[in-house]
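Encoded as structure tokens, the structure appears first; notes follow it.
The values are calculated or read from the model by the stated rules, or taken from the named source; none is laboratory data. Because the structure is predicted, anything quoted here is derived from the model rather than measured. Ideal geometry is used to build each Cβ from the backbone, glycine not excepted, and the neighbour counts take in all protein chains shown. Note: areas computed on protein heavy atoms with side chains; ligands, DNA, RNA excluded. Shrake-Rupley method; radii C 1.70, N 1.55, O 1.52, S 1.80 Å.
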Amino acid sequence: MRKTGGGQGQGASFPALDWFRLLAAALVVGIHTSPLASFTAGGDFILTRIIGRIGVPFFLTVTGYFMEPWEKGKTWEWGKRYLKKMAVLYGVSILLYLPLNLYSGYFRQGLSVWGYLKDLFFDGTFYHLWYLPAAMIGVILTGLLVRTAGLPAAMVIGCGLYGIGLLGDSYYGITEGIPLLRRLFDLIFRVSDYTRNGLFLAPVFLLEGLWIRRHDRKGLLPCSLLLLAASAGMMAEGLAVQRMEWSRHDSMYLLLPVVMYALFQLLLAANRGEDRRARDLSLAVYLIHPWMIVAARAAGKLLHLEWLFIDQSLFHYLTVLTGSVICGLIFALWQERMGMKRREKNMEDRNMWNGNMPDGRMSDRNILNKNMPVKKNVVAGGLPGFEISAGKRAWAEIDLDAICHNSRVLKDMLPDSCRLMAVVKADGYGHGAVPVAEALSRTGVSSFAVAALEEGIRLRQAGIRGEILILGYTDPARADILSQYDLSQTVVDLDYGRRLDTYAADVKVHIGIDTGMHRLGIPAEAVEQAEELYACRHLRIQGIFSHLCVSDSLSDEDVVYTHWQITRFYRLISHLQEKGLDTGQLHIQASFGIINYPDLPCSLARAGIALYGALSPEENSCRVRPDLRPALSLHARIGSVKDIHMGDCVSYGRTFTAESDMRIAAVTIGYADGVPRSLSGAGGWVLIHGKKAPVIGRVCMDQLMADVSGIPEAASGDRVTLIGRDGREEITCEMLSAWCGTIPNEILSRLGSRIARIYGVS
Ligand SMILES: *Cc1c(COP(=O)(O)O)cnc(C)c1O
């Protein structure tokens, strides 16, 4: 298991990527100030012309890493948002440097319209601003390439473009000697002063980021070794190119993409989560530093300290860097404040209808931002951070810390070699697959399971890394999408495996084994079927698993059945291993398997319902009762209160008749919201002001009725609890599901899209 900072506690995240950006920005400032020039020309060359060249490509790789793909038949939301943001930034930056342009006589040099356009699109209107159009052009180009040609082909094209770029940059000396090439590059340079632009430099790094996101992470040791070797190589390359006097410009090296690959993998290994502040700060430093160079020079002149502020290169560099960081901090603070205001305003809307909207989910992440001040909730029983339930009709409060706690409890029950695979199908059992997976990722969980292709895609689009296994059927014709999103597919039977193999894309699979549930999988005795799957060219077998159907029962008969299932599974596994086949990751336990049969030699355990802290209510279902915390509470409001008389009937079908005068309340939640209709007349209750209010009459589509005769203070707008604690009373999901004749899994996974999901930390 990949652990970070012990892998246990929350906040074990180390947002290395974002902080390295700051270092990258500092390197770029170095390129423009030559910090070591006063001491050693050679050293300065190495720092600014070789090492410093990592800076901008690193920015591009990060962008690529976070880039969302452009799907066929859809508009490219991510691309639109990114381009808009960058265009605004570019516009503002152009204005910001206009005074310096005027001062330096940029407009007096008699540029043609063509010249200005060239600067606008390629070279930048100030010396560092080329990066913004380059990033934009690069993003458009890579988006188009990946969409039309697929990632591998795009990668090849990206490398080709970089190759052309090299010939116009560090290796121009070679190009110059070949007349045809020379003429070709003359043309290129008519469009852009350098090949260091959005066409030749940006794509390869953007694609590299995208590639790394889609593929397995590499180990720490190989990456460190690769980084060492490639850096040494690049150093030698840089010095050699300089010695040969080949460079026309020196921002591209042959080994730079390799260095970037190893560096990025290494940072990812250390990285969990993200830190937007560092990200904003690094961008601000990048954009503002030329002004600081001017400021440092002006300070030197004013104070008659030119020898220090201008001529002493290291002091000059540090002044510029410090000034830029301070400006950046001020800017980031201001932005955070603006963002916070906006967030507060939007939070209401965002949480309103986010049941089915992928976007709503994404923005919920903001609420997890621990940097945001979390106000204490004034409503009894609620978690801090949940005050945004104000005005809601029906909502679920979801405590992600409880889910992380549960994952640790379950993990601790298993042998060390067994990792948790978090089952987040059915939108994380109604808790929101993306926020749940994000929270678990931060605590070191790196395997997830879903039921359907779309669920897997949604996790990837939200940036979830690690393995994602689809437990159910996916049309084999969608093999390319499985591989594009790096999703693992269950082979549900032999015929399915054969069909999946006929599509050209290599697909990661886990073989499902039917050990007695008779749902999915090849029969446990059919060794030859499993072997045939191993012979399939396009199936990359990552693991083998089975599912237990009575692991939640401790009756003698069921325990015998479960042991029989387990025995059949391992018999098949040893047959395969005897034949020398790699069985990969083995998994057989779900929640009750973990609790009742924790010691099986598996490499994964698929925890679903237990993660959410809601086991089924049956007696005699668990050997031990682990300390699991329910993560979800469900609330609605009183819509209206009225007094009725003895003999009056309530709700559809007149199934309830008042035996005496009473007060009743209409509650704003019904079966369309996921409260089963079978709660009607089942003897259950809801909580209002910490007291039980029996549910009476039939549950309607949008409302249900409760007896509030014993709660005189009950009034319209008051909070009603259907699952969760209110004062000293608590209704567990187990209780509600028992009233309704079902299990918590069904209640939770069927919570409707009208239920707002509100996230908080306990
Ligand atoms: C849903 C599912 C799980 C998770 O089951 P829980 O009982 O909720 O832990 C595990 N494995 C498979 C194959 C499933 O379909």
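Which of the helices (runs of 4 or more DSSP H) found entirely inside region 63-157 contain at least 2 residues meeting this: touching a Phe, Trp or Tyr at 6+ places or on another chain (Cβ under 9 Å)?
Answer list for region 63-157: 77-104, 131-149.
Consider region 668-689. How many of its residues are in contact with a Lys or Arg (Cβ under 7 Å, 6 or more places away or on another chain), open to solvent by less than 20 Å² (accessible area, probe 1.4 Å) and either assigned to a strand (DSSP E or B) or not acidic (D, E) (or both)?
Count: 1.
Mind checking which residues of region 471-496 are open to solvent by 10 Å² or more (accessible area, probe 1.4 Å) and in contact with a Gly (Cβ under 6 Å, 6 or more places away or on another chain)?
V492
Which is within 14 Å of the ligand (Cβ to nearest atom), among the charged types (D, E, K, R) and over 21 Å from P476 (Cβ atoms), of D552, D556, D514?
D552
Can you confirm whether L60 is modelled with pLDDT under 90, in a helix (DSSP H, G or I) and open to solvent by less than 10 Å² (accessible area, probe 1.4 Å)?
no
Can you tell me which of L201, L267, L254 is in contact with a Phe, Trp or Tyr (Cβ under 6 Å, 6 or more places away or on another chain) and closer than 30 Å to R147 by Cβ?
From the options L201, L267, L254, the qualifying one is L267.
Out of the residues in region 428-470 meeting the condition of being within 13 Å of the ligand (Cβ to nearest atom) and at positive phi, tell me which one is surrounded by the most Cβ atoms within 10 Å (Cβ to Cβ).
That would be G428.
Out of (1) away from the ligand (no atom under 16 Å from the Cβ); (2) outside any loop (DSSP other than H, G, I, E, B); (3) crowded, with 21+ Cβ neighbours inside 10 Å; (4) not polar (S, T, N, Q), what's the single condition that is false for L748?
Against the list (1) away from the ligand (no atom under 16 Å from the Cβ); (2) outside any loop (DSSP other than H, G, I, E, B); (3) crowded, with 21+ Cβ neighbours inside 10 Å; (4) not polar (S, T, N, Q), L748 comes up short only on (1).
If R540 satisfies every condition in (1) out of contact with any Asp or Glu (no Cβ under 6 Å at 6 or more places or on another chain); (2) assigned to a strand (DSSP E or B); (3) basic (K, R); (4) away from the ligand (no atom under 14 Å from the Cβ) but one, which is the exception?
Here R540 meets the rest and fails (1).
Find all pairs meeting these conditions: Cβ atoms under 9 angstrom apart; at least six residues apart or on different chains; first residue within region 525-544 and closer than 13 Å to T502 by Cα and open to solvent by 20 Å² or more (accessible area, probe 1.4 Å); second residue of a type in the set (A, V, I, L, M, F, W, C) and part of a strand (DSSP E or B).
That search, which allows pairs on different chains as well, returns H538/V507.
Please find, among I212, I188, the residue that is closer than 22 Å to L129 by Cα, in a helix (DSSP H, G or I) and open to solvent by less than 70 Å² (accessible area, probe 1.4 Å).
I188
Out of M155, M235, report the one residue that is surrounded by fewer than 22 Cβ atoms within 10 Å (Cβ to Cβ), of a type in the set (A, V, I, L, M, F, W, C), closer than 23 Å to A505 by Cα and touching a residue at least 24 places away in the same chain (Cβ under 8 Å).
M155
Just to check your reading of the model, which residue among G593, G608 is touching a helix residue (DSSP H, G or I) at 6+ places or on another chain (Cβ under 7 Å) and closer than 21 Å to I468 by Cα?
The conditions single out G608.
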